[in-house]
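Below: one structure, written as structure tokens.
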Amino acid sequence: MNILKYGLFYLLETILRFLPLPQKTGLIKIGYPDRNSPVLLTGNYHLTVLKVKRALKGQNAFLLVANSHGINVWCAAAGGHFTNHGVISALKISNIQSLVDHRAVILPQLAACGIEAKVIDQRTGWKVKWGPVNIEDFPDYLKNGQKKTINMSVVRFPLRDRLEMAIAWAFWMSVVFSLVLLIIKSEAVVPAIIIVWLLAFFVFSTFPVYLPLLRPKEQEKQWEKRRIGRRIFLFSFLFLVLAGLGAYSLLTSHFTVNFLLFWGILSFVTVLLLGGDLAGSTPFLISEFREEKDFQVEVDGKKCRGDGICGIVCPLDCFTLDKQKRLAILERPEKCICCGACVVQCQFDALSYADKKGRRVSPDFVRKHKVGLSGKRKPRSTYATKKKGENIIENL
């Protein structure tokens with residue numbers, strides 16, 4: 001695919017980011033693969049497939065596209081749309097086993113919250129390797145003998161990705177605002193669109209500046225501190241917007257009550273929409289709409305065998321491994337977004353969700369219902385077990 005065509009797809013699908021955009025499933029040959037070439041697998045979100053093919057240009061590999069219902073890998077795996085069944089079907093239907101002499105398939109690390117490596121191995125004989133978090137790291141990963149560095153395992157949110165989110169938010173907000181304003185005040189459509197796009201780009205481009213406010217390091221009353229930090233952010237941002245609006249009205253002689261009231265309300269709604277669940281639009285923060293805010297990942301030292309899989313699949317480098325004690329340690333809990341990857345992949349069931357009241361969410365329940373706690377998931381679930389009991393109380 002030439003640069004112009006790729007650029008058009010990239011722009012269009014960035015604008016439509018919140019919609020499922022499926023790619024045909026099946027086997028794609030990258031370059032001239034032979035029987036020793038690596039086998040990679042991803043979901044069938046069209047833009048993801050385009051990015052992977054572009055990143056692998058010059059490589060020789062097999063790329064399997066499995067059904068993720070046209071949703072990006074992380075959201076699809078966490079939401080129960082990219083499943084063990086999808087991976088198993090892709091491996092069997094493609095007949096890839098007849099094309100290679102090995103039985104190792106490389107999956108994107110962000111699929112670890114929903115795809116169970118143990119199940120794939122048991123049902124197909126294929127060993128799952130967790131590739132890099134970021135697509136652009138795949139060439140170096142393959143060149144490095146399919147070994148990841150720490151930088152390949154940690155999710156990033158660079159300016160490019162933040163601008164993609166800004167474009168996606170701004171486009172849909174512009175559509176909604178335009179439809180409303182065409183009815184009540186058509187002359188305000190263009191200025192409103194300009195305000196929406198400026199605010200969206202400002203919010204996401206400056207995200208690293210105010211991230212510490214939204215992610216306090218102290219664990220005590222962390223949710224309360226996050227809530228306070230979020231409110232400080234929203235009100236500070238709104239104050240800046242209204243101050244700028246007031247300055248503009250004075251400089252342009254539009255200083256009237258109706259002018260300030262109309263544009264003040266529009267700016268207020270824009271800020272609330274952008275900041276209402278800003279956390280859920282980033283890879284570093286737990287969604288404000290998460291149903292169970294008191295649960296955190298807990299390591300059972302009696303069950304842990306120190307195989308390190310939790311650190312391998314964690315996208316935010318929350319774990320360290322004590323090799324002498326053969327024990328995983330959740331050393332940076334403030335970074336944990338409860339995506340569930342570590343819980344799903346630990347074959348010793350040493351990780352689970354727990355709260356200070358003694359309630360616990362079992363690993364089997366997490367695997368069964370795909371209840372990553374980073375945000376609301378489907379099927380929606382409430383869950384808890386007694387501290388010493390085994391019965392799971394679930395309301396699906």
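Bear in mind these aren't lab numbers, they're just calculated from the coordinates by the rules spelled out. All values reported here derive from a predicted model rather than from experimental measurement. All Cβ positions, even for glycine, are placed from backbone atoms using ideal geometry, and neighbour counts span all protein chains on display.
Extending 7 Å from the Cα toward the beta-carbon at both PHE235 and ARG54 defines two label points whose distance is 4.3 nm.
Taking the fewest neighbouring Cβ atoms within 10 Å as the starting point, the ordered list for TYR141, TYR210, TYR6, TYR32 is TYR32, TYR6, TYR210, TYR141. Remark: the TYR10-ASP121 segment gains 36.5 nm on full extension, using 0.36 nm per residue and subtracting the alpha carbon distance.
How far, in nm, would the chain grow between ARG160 and LEU213 when pulled straight, counting 0.36 nm per residue and subtracting the alpha carbon separation?
Numbers: separation 53, 0.36 × 53 = 19.08 nm, distance 2.21 nm.
Using 0.36 nm per residue and subtracting the Cα-Cα distance, I get 16.9 nm.
Put a dot 7 Å past the Cα of GLU187, heading toward its Cβ, do the same for VAL269, and the two dots end up 1.9 nm apart. Approximating the spin labels as points 7 Å out from Cα along Cα→Cβ, the SER178-to-ALA243 distance works out to 3.3 nm. Annotation for segment 7-27 versus segment 90-119: alpha-carbon center distance of 23 Å. In terms of distances greater than 30 angstrom between alpha carbons, the cross-link table entries LYS29/LYS335; LYS148/LYS325; LYS57/LYS129; LYS5/LYS92 yield LYS29/LYS335; LYS5/LYS92. Each peptide in 170-181, 7-18 was scored by the mean count of other Cβ atoms within 10 Å over its residues; highest first, the order is 170-181, 7-18. For the pair segment 146-179 and segment 322-365, the centres of their Cα atoms are 28 angstrom apart.
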